[in-house]
Amino acid sequence: MQFSKPHISKLRIESLQVCLDKAKSIIQTEIERRGHSFHMEEKAGPLFVEMDPDKIVQVLVNLFKNAIEAMHEVGEIHISTYDIKDHAAIEVSDNGPGIPESIMDKLFNPFFTTKPSGTGLGLAISQKIVQDHGGRIGGSINEAGLSNFAFRTVSLRGYSKPLSGDSFVHYQ
Ligand SMILES: Nc1ncnc2c1ncn2[C@@H]1O[C@H](COP(=O)(O)OP(=O)(O)OP(=O)(O)O)[C@@H](O)[C@H]1O
Ligand SMILES: [Mg+2]
């Protein structure tokens with residue numbers, strides 16, 4: 001496993017919504033099998049980001065998988081999109097039991113896992129991918145509800161807005 005090499009290779013401008021839809025469809029069967037559902041809240045318009053789309057899908061799938069694995073009872077995965085200055089952000093939260101304070105600073109360590117069959121690489125790889133996009137990823141307990149918690153996830157530099165036709169303007 002190489003953590004130093006950049007995890008991004010095919011940079012292009014892509015819609016974050018397209019990545020979200022792809023990641024959701026990859027995990028959809030598992031969501032339905034367990035009786036969970038997705039809940040989308042778009043606090044931003046269409047977000048276009050300079051990215052390696054497959055890698056961003058991989059980050060989202062990792063977060064969705066963690067959410068599913070955390071929810072032992074039927075629950076919801078909430079996805080919110082934000083447009084913060086020149087960054088696009090996605091927040092993924094679930095109403096599982098939450099993240100214990102004691103492991104908060106270990107979440108992104110390679111091989112850190114609390115699961116019997118986990119590798120502990122999901123978040124470490126996700127962090128590397130997000131950092132290679134100039135972004136940041138973090139885990140937190142959500143203020144919104146007692147048992148809710150959220151991962152504030154992708155903040156991507158190079159976010160672009162469509163003007164008209166095929167032209168884009170870059171905000172750095
Ligand atoms: N949504 C979540 N709710 C509660 N705890 C979480 C959540 N996401 C991650 N964690 C905690 O962070 C640890 C590390 O997560 P990470 O995705 O890196 O590895 P993993 O899920 O254990 O294994 P892998 O991703 O390789 O299957 C988890 O073992 C779990 O303790
Ligand atoms: Mg995981």
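The values are calculated or read from the model by the stated rules, or taken from the named source; none is laboratory data. Everything numeric here is computed off the predicted structure, so don't read it as measured data. Cβ atoms come from the backbone with ideal geometry, glycine included; neighbour counts cover every protein chain shown.
The conditions are (1) crowded, with 16+ Cβ neighbours inside 10 Å; (2) of a type outside the set (Lys, Arg); (3) free of Cβ contacts under 8 Å to residues at least 40 places away in the same chain; (4) at negative phi, and residue 120 fails exactly one of them. Which is it?
(4) is the only condition that residue 120 fails.
Just one of 103, 90, 84 is out of contact with any Asp or Glu (no Cβ under 9 Å at 6 or more places or on another chain), crowded, with 16+ Cβ neighbours inside 10 Å and modelled with pLDDT under 90; which is it?
Checking each option against the conditions leaves just 90.
Which residues, counting only those in region 102-119, are under 19 Å from the mean Cα position of the chain (by Cα) and among the small types (Gly, Ala, Ser)?
Matches in region 102-119: 118 only.
Return the only residue of 112, 48, 108 being closer than 16 Å to residue 135 by Cβ, within 16 Å of ligand 2 (Cβ to nearest atom) and not small (Gly, Ala, Ser).
Testing whether each residue is closer than 16 Å to residue 135 by Cβ, within 16 Å of ligand 2 (Cβ to nearest atom) and not small (Gly, Ala, Ser) leaves just 108.
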